[in-house]
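To start, the structure itself, in structure tokens.
Values quoted throughout were computed directly from the atomic coordinates according to the rules given, and no laboratory measurement underlies them. These numbers come from a predicted model, not from an experiment. Methodologically, a virtual Cβ is constructed for each residue, glycine included, from the backbone with ideal geometry; neighbour enumeration extends over all protein chains shown.
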Amino acid sequence: MSLHWQRRIKRIFGSDALDWVDRSYLTDWIVVAAFWGLSELAGRITVFERDFYPTDPIINHPHKKNQISGSSNHLIALLVPGAAVLATSLYQLSFVSLHHGLLALLAARGMTRLFTNILKNKVGRLRPDFLSRCKWDTEKLKCTGKADNILDGRRSFPSGHSSAAFAGMTFLAFWLAGQTAAWCFQAQLPAASLRSSRLARFCFTLLPIWWAIYVGVTRVEDYRHHKEDVIVGGLMGIICASISYLAFWPSPFSESSFQPYTYGQPRTLSSSDTVLYSQSDSRRRTEADFELSRLEESDLDV
């Protein structure tokens, strides 16, 4: 990072904004870039062309227009969580939260995209509307539709819409829960505040998941995917997002993640955190020793 950008970051986020920086994060970014690069290559793998029956009712549904386009779905799954990370980090003036949030989000989406593209092309499952794309000619005994449409009709498993939506929205749900303690019912919340409603916080964090579920339902309604495609795609997105979030952020289910010195903060490799905790522990030990000494003195007086 250039000196110019370091000065700008410190001017916005504070003089200690880069104290957590470690070389290992460069490796993390390389791994994330590899996810995205390999996913692009995986999308170009030769699609497996499995046999089919022209009278198979499972793949003989009409070809309909997408309710949610692929580009719109991918943008929503990336930009909405990214905007939440950016807004929260700027509000907190925390550059480490911005860095870790974007890194985890891109890792989740890239990992999901890689696995999805590999399976799509290697499995080669036919979409429910495949025969409409194929336009089977009984005389020529072959498909006469557009080659691109036919090829895409062989990429049903798993659902790319579902995996992308669940990856982005599961990350967003984790992010919101990590900032609000919505999934940790043992965490202490401020009293006499409307924002302290546990049920409201919990429901708020589930809104992204409901969007992802809606995306999956439309894929079945549009005859673009079988229900198994949507279920597996959704599970892939959930798993990848969970792994990526927990790699950089503490568990939103754990009470220890919402102590005064850790509330809403990511994990870092910086030694400053250890110093902070040790100083805090030292103060507690000093206070305890003082109380003990005072007690002992009073006992002597008796």
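In table form, for the structure just shown:
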read-out	value
The chain - mean residue ellipticity at 222 nm from DSSP helices (-39,500 (n - 2.57) per run, n ≥ 4, rounded to 500)	-21500 deg cm²/dmol
Helix 95-123 vs. the chain, principal-axis angle (Cα, 0 to 90°, nearest 10)	30
Interchain or long-range residues, amide H under 5 Å from residue 136's placed H	144
Centroid-to-centroid separation of the range 52-72 and the range 208-235 [C-alpha atoms, Å]	14
Extension gain from residue 56 to residue 40, taking 0.36 nm per residue of separation minus the Cα-Cα distance	2.5 nm
Distance between modelled label sites at residue 198 and residue 139, nm, 7 Å Cα→Cβ extension	7.3
Most mobile of 26, 86, 246 in a GNM of the chain (Cα contacts under 10 Å)	26
Flagged links, alpha-carbon separation over 21 Å, of 64/135; 140/227; 64/146; 65/135; 65/227; 65/140	140/227; 65/140
Mean separation of Cα contacts under 8 Å, 6 or more apart, over the residue count of the range 1-114: relative contact order %	47
For the range 150-262, radius of gyration divided by Kirkwood radius, i.e. Rg to Rh on alpha-carbons	1.11
Under 13 Å, Cβ to Cβ, from residue 225 - net charge with Lys/Arg +1 and Asp/Glu -1	+3
Angstrom value of the Kirkwood radius, inverse mean 1/r, which spans all Cα pairs in the chain	22.4
Contour minus Cα-Cα distance for residue 235 and residue 29 (0.36 nm per residue)	71.7 nm
